[in-house]
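I have placed the structure first, in the form of structure tokens, so that the comments after it can refer back to it.
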Amino acid sequence: MMDEMRIGTNLMRGMVSKVLTKVLKMKLGYNVGIRLNEFDARINDGKAHVHLNIDAEMTQEELNKILETIGL
């Protein structure tokens, strides 16, 4: 059995982008502007495949902070 979800309309992508931006700020403290361009998720035989296409805008200092957090 295969399930599929796509977020394709401008309205939905805009709403998800705003939520992601707020969650990154509130939960992780990162000040990053997110724009979701494409989201596809497929579940087939218990395995999920997710494809994301996003643009993120931030200061160089914010990028350095994120990279340090993940050890790069």
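The values are calculated or read from the model by the stated rules, or taken from the named source; none is laboratory data. The structure presented is a predicted model; accordingly, all values stated were derived computationally and were not measured. Every residue, glycine as well, gets a Cβ built from its backbone with ideal geometry; the counts of neighbours run over all protein chains shown. The area values use the complete protein model at the heavy-atom level, side chains included, leaving out ligands, DNA and RNA. Shrake-Rupley method; radii C 1.70, N 1.55, O 1.52, S 1.80 Å.
Worth a mention:
- Scattering from the chain was approximated by placing one identical point on each alpha carbon and applying the Debye formula without solvent; log10 I(q)/I(0) at 0.25 1/Å stands at -1.06.
- Nearest 10 degrees, 0 to 90: helix 60-69 Cα axis against the chain principal axis: 70 degrees
- Across segment 23-36, coupling constants 3J(HN,Hα) worked out from phi with the 6.51/-1.76/1.60 Karplus curve, θ = phi - 60°, read 5, 4, 6, 6, 8, 10, x, 8, 9, 10, x, 10, 10, 7 Hz, and Gly and Pro carry x.
- q = 0.13, 0.25 Å⁻¹, segment 30-72: log10 I(q)/I(0) [Debye, one scatterer per Cα]: -0.45, -0.85
- Sulfur and carbon atoms: percent of accessible area, the chain [1.4 Å]: 58 percent
- Inter-label distance, nm, simple model (7 Å from Cα along the C-beta direction), residue 62/residue 27: 1.7 nm
- Inter-part distance where segment 53-72 and segment 13-31 are each reduced to a Cα centre, Å: 14 Å
- Local electrostatic count at residue 6 - Lys and Arg +1, Asp and Glu -1, tallied over other residues with Cβ under 13 Å: -2
- Straightening the chain between residue 44 and residue 4 buys 13.5 nm, computed as 0.36 nm per residue apart minus the Cα-Cα spacing.
- Estimated dipole of the chain in Debye, rounded to 20 [Cβ of Lys and Arg +1, of Asp and Glu -1, Cα centre]: 280 debye
- Estimated 222 nm signal from helices in the chain, with DSSP H stretches of n ≥ 4 weighted -39500 (n - 2.57), rounded to 500: -10500 deg cm²/dmol
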